[in-house]
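Comments concern the structure below.
Each reported figure results from applying straightforward, stated rules to the coordinates on display, with no laboratory input. Computed from a prediction, not measured in an experiment: that's the story for all the values here. Every residue, glycine as well, gets a Cβ built from its backbone with ideal geometry; the counts of neighbours run over all protein chains shown.
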Amino acid sequence: MKKRGRYILRLDDEAHLTTVVRRRVALWHAVLFFILSIALTVTLAVGVIMLTPLKSLLPGYMPPQERAATVDDLMKVDSLKNLYDRNEAYMANLRTVLNSDRTRGDSVRYASMAVTQTVDTLLPASKAELEFRQMMERKERFNLSVLAPLAADAMIFEDPAPGYAFRSGDEEERIPTLIIPGARMVHTLTDGIVTDIHYDPAEGYAVSVQHANGFLSRFRRLGAPLVSEGEELSAGQVLAPLAKGTGRNANLIYLEMWRNGKRLIPYHILRGIAPNTPATHD
């Protein structure tokens, strides 16, 4: 019977020429000892690296601060992409509205529609400006061109809110004040697409809606909108609640209406009366 191989493991002290350890071991003992030594060494190395700042030297490792910054940057990029997609949808919808009834040769008229509407100044009008405005209003009183297209285009406008009323004396104003009773919601006048949502710290939100046949409506002094830019709306759909506030002006909003870049008198449009018909107070 063949004997198993045995080996002698000896440690000598060269300084004193003595043997410190001398053991006789079998081959499999030596292999097992070698494997355990390697495993222990690897475990110690991994522990030292993972539990000390040495781990920052590992390729691909990212400190928590850098990881948080990277995640924040990725979220910003995603938000910018969503904003870009919304702007693209808004521009596509705007082009659709502007080209809905476009005919050959009216590029100049539609170019004027694309001009961004600016907020009216809060400064009082001068005497010359008031006289010019009164002169133009007198000329337009006997001009049916404002309301005639409404009948031809079969445009029907809904009430902006149940039980609303024009403030006394604003029937001929181009930016009238509407009185909204109670905690009512403000509704869109007819089908359209939201083209702009603007916030002003003094007035609150303003929402502009582009309608068919070149009409545009704009409500001001609103609360947080319930719609978004580029969204398609149906007639009577809720736009926003009233702006939060107290006092006599808490239930007041402003309304502007345009057609093909020309400002209209909202009272005439919503009441369906001709400009030369005397307005009755609500």
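Extension gain for LYS244 to ASP200 (0.36 nm times residue separation, less C-alpha to C-alpha distance): 14.5 nm. Across the options VAL48, HIS16, LEU32, the greatest Cα extent toward the positive end of the charge dipole of segment 6-57 (unit charges at beta carbon of Lys, Arg, Asp, Glu) belongs to LEU32.
Note on ALA92 and ALA30: their simple-model spin labels are 7.6 nm apart, each label 7 Å out from Cα toward Cβ. A Förster distance of 35 Å, applied to the separation of the beta-carbon atoms of GLU173 and ALA224, puts the FRET efficiency at 0.85.
Proximity of backbone amide H atoms, modeled 1.01 Å from N, is registered between VAL25 and TYR7, ILE8, LEU9 at under 5 Å, excluding neighbours fewer than 5 places apart on the same chain.
Distances between placed amide hydrogens fall under 5 Å for ASP191 paired with ALA235, all partners being 5 or more residues away or on another chain.
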